[in-house]
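Comments concern the structure below.
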Amino acid sequence: MTVYVDEPRHAFGRMIMCHMVAPDLVELHAMADRIGVSRQWFQDPRRMPKVSAPHYDIAKSKRALAVAAGAKEIGRYQMAVISKVALFRLHGRTDMDPLALFRRTLSDRLPELEAWLAEELRR
C-alpha cells in the first residue's frame, strides 16, 4: 500500500498543515510512527462526526519527512478520491465505487482520475 500527502494549505496557528492518508490504516499509522507524528493527530470519522475520512493532519516539516520516507504527493482531486477509498475500507465497504461520488462534479477530470485510481489500487 501507499501513503499519500496533499499540498500544504490549511492554517493551524502559525503552521501550514496538510493531510496524510492511506487506503490501509496499518500503513498510515506506520508512516506516522516513522516520521514522528503523534496518534493524537489522527482524524477518525468513527469518533469524530465532522471528519470525512481517516487521515492525519501534519505540518509541512512532517510532510517533507513523509515524502522522503516514500509517501506520494498528490493533488486535491486525487486526495478526495483516495480519502473515499480509505473511508469505504474503514467501514468494510469494498463494493462501493469512490469515483461515483465525483462523476458530476469532476466529469472533465474523470478519465484521468479513473486511470490514476486503478493504477494506485493495483499496487
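Tell me, what is the percent relative contact order of segment 22-94, built from C-alpha pairs under 8 Å that lie six or more residues apart? This gives 39 percent for segment 22-94.
In a DSSP loop and with at most 11 other Cβ atoms within 10 Å, the trypsin sites (Lys or Arg not before Pro) in segment 41-91 are Arg46, Arg47, Lys50. Taking 7 Å steps out from each Cα toward its Cβ at Glu73 and Glu27 produces label points 2.0 nm apart.
Beta bridges per DSSP, both residues in the chain: antiparallel share near 85 percent. Placing +1 on the Cβ of every Lys and Arg and -1 on the Cβ of every Asp and Glu, with no other charges, gives the chain a dipole of roughly 440 debye about its Cα centre. Applying the Karplus relation 6.51 cos²θ - 1.76 cosθ + 1.60 with θ = phi - 60° to segment 4-20 yields 3J(HN,Hα) values of 10, 10, 9, 6, x, 7, 9, 6, 9, x, 8, 9, 10, 10, 9, 10, 10 Hz, where x marks Gly and Pro.
When the Cα positions of Leu87, Ser107, Ser52 are compared along the charge dipole of the chain, Ser52 comes out farthest toward the positive end, with charges on each C-beta of Lys, Arg, Asp and Glu. Computed from Cα atoms, the angle from the helix 110-122 axis to the main principal axis of the chain rounds to 60 degrees.
For the chain, the alpha-carbon radius of gyration amounts to 1.02 times the rule-of-thumb value 2.2 N^0.38 Å expected for a compact globular protein.
The slack between Ala100 and Ala59, meaning 0.36 nm per residue of separation minus the straight C-alpha distance, is 11.7 nm. Using the Karplus relation 6.51 cos²θ - 1.76 cosθ + 1.60 with θ = phi - 60°, the per-residue 3J(HN,Hα) values for segment 56-64 come to 10, 8, 10, 6, 4, 5, 6, 4, 4 Hz, with x marking Gly and Pro.
A short reminder: the numbers here are calculations on the coordinates, not readings from a lab. Owing to the predicted nature of the structure, the values given are computational and were not obtained by experimental measurement. Cβ sites come from the backbone with ideal geometry, for glycine too, and all protein chains shown count toward neighbours.
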